[in-house]
1. Can you report the number of residues in segment 8-33 which are among the acidic types (Asp, Glu) and surrounded by 18 or more Cβ atoms within 10 Å (Cβ to Cβ)?
2. Return the total of residues in segment 68-86 being surrounded by fewer than 16 Cβ atoms within 10 Å (Cβ to Cβ) and either under 23 Å from ILE13 (Cα atoms) or of a type in the set (Ser, Thr, Tyr) (or both).
3. Could you tell me whether segment 2-25 includes any residue that is within 13 Å of LYS54 (Cβ to Cβ) and touching a strand residue (DSSP E or B) at 6+ places or on another chain (Cβ under 7 Å)?
4. Among the candidates LEU89, LEU100, LEU42, which residue alone is closer than 18 Å to ASN27 by Cβ and either assigned to a helix (DSSP H, G or I) or at pLDDT 95 or above (or both)?
5. What do you reckon, is LEU36 in contact (Cβ under 8 Å) with a residue 12 or more places away in the chain, under 29 Å from GLU82 (Cβ atoms) and surrounded by 12 or more Cβ atoms within 10 Å (Cβ to Cβ)?
Amino acid sequence: MKILISNSSKLPIYEQIVNSIKEAIINGTLSPNEKLPSIRSLAKDLNISVITTKRAYDELERQGFIETVGGKGCYVSYYNKELVYEEKLKEIEEKLEDILNISRSIKLKKSDIKNMIDLLYEGE
């Protein structure tokens, strides 16, 4: 599993870890019931604090992406696809809010935004 930490990112390190692991789970790089690196091992590999790694794993468990088995470690959960879908919708909504704020600041019309979306969507 490859996790990249960016010092220039606005996100805290633990959130970068959470996002990387969630993305690996969602895209199938990590499979349900697959064992994750130990907290200490991951901290050592990333050259970060064990506390930071623990915080990331705790957040992933809180969100239902991983499970901790006492004395054995952390494993990828059989995640709920609806949960992932809702999370992605929330992410889209947040980004659209940013787009709308920028658009309003330059007084861009709603029809212009819709046209941009249509053009980008068709260009896939």
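The values are calculated or read from the model by the stated rules, or taken from the named source; none is laboratory data. Computed from a predicted structure; not experimentally measured. Here the Cβ positions follow ideal geometry from the backbone for every residue, glycine too, while neighbour counts run over all protein chains shown.
1. To start, the set of residues in segment 8-33 that are among the acidic types (Asp, Glu) comprises 15, 23.
Narrowing the set further to residues that are surrounded by 18 or more Cβ atoms within 10 Å (Cβ to Cβ) leaves none.
Total satisfying the criteria: 0.
2. Qualifying residue count for the region: 3.
3. Taking segment 2-25 first, the residues within 13 Å of LYS54 (Cβ to Cβ) are 13-14, 17-18.
Filter once more, keeping what is touching a strand residue (DSSP E or B) at 6+ places or on another chain (Cβ under 7 Å): none.
No, because not a single residue in segment 2-25 is within 13 Å of LYS54 (Cβ to Cβ) and touching a strand residue (DSSP E or B) at 6+ places or on another chain (Cβ under 7 Å).
4. Checking each option against the conditions leaves just LEU89.
5. Against the criterion (in contact (Cβ under 8 Å) with a residue 12 or more places away in the chain, under 29 Å from GLU82 (Cβ atoms) and surrounded by 12 or more Cβ atoms within 10 Å (Cβ to Cβ)), LEU36 qualifies.
Residue by residue, here is whether (1) touching a residue at least 12 places away in the same chain (Cβ under 8 Å); (2) of a type outside the set (Ser, Thr, Tyr); (3) on the phi < 0 side of the Ramachandran plot; (4) out of contact with any Lys or Arg (no Cβ under 6 Å at 6 or more places or on another chain) holds:
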residue: ILE26; (1), (2), (3), (4): yes, yes, yes, yes
residue: LEU60; (1), (2), (3), (4): yes, yes, yes, yes
residue: TYR75; (1), (2), (3), (4): yes, no, yes, no
residue: GLU93; (1), (2), (3), (4): no, yes, yes, yes
residue: ASP118; (1), (2), (3), (4): no, yes, yes, yes
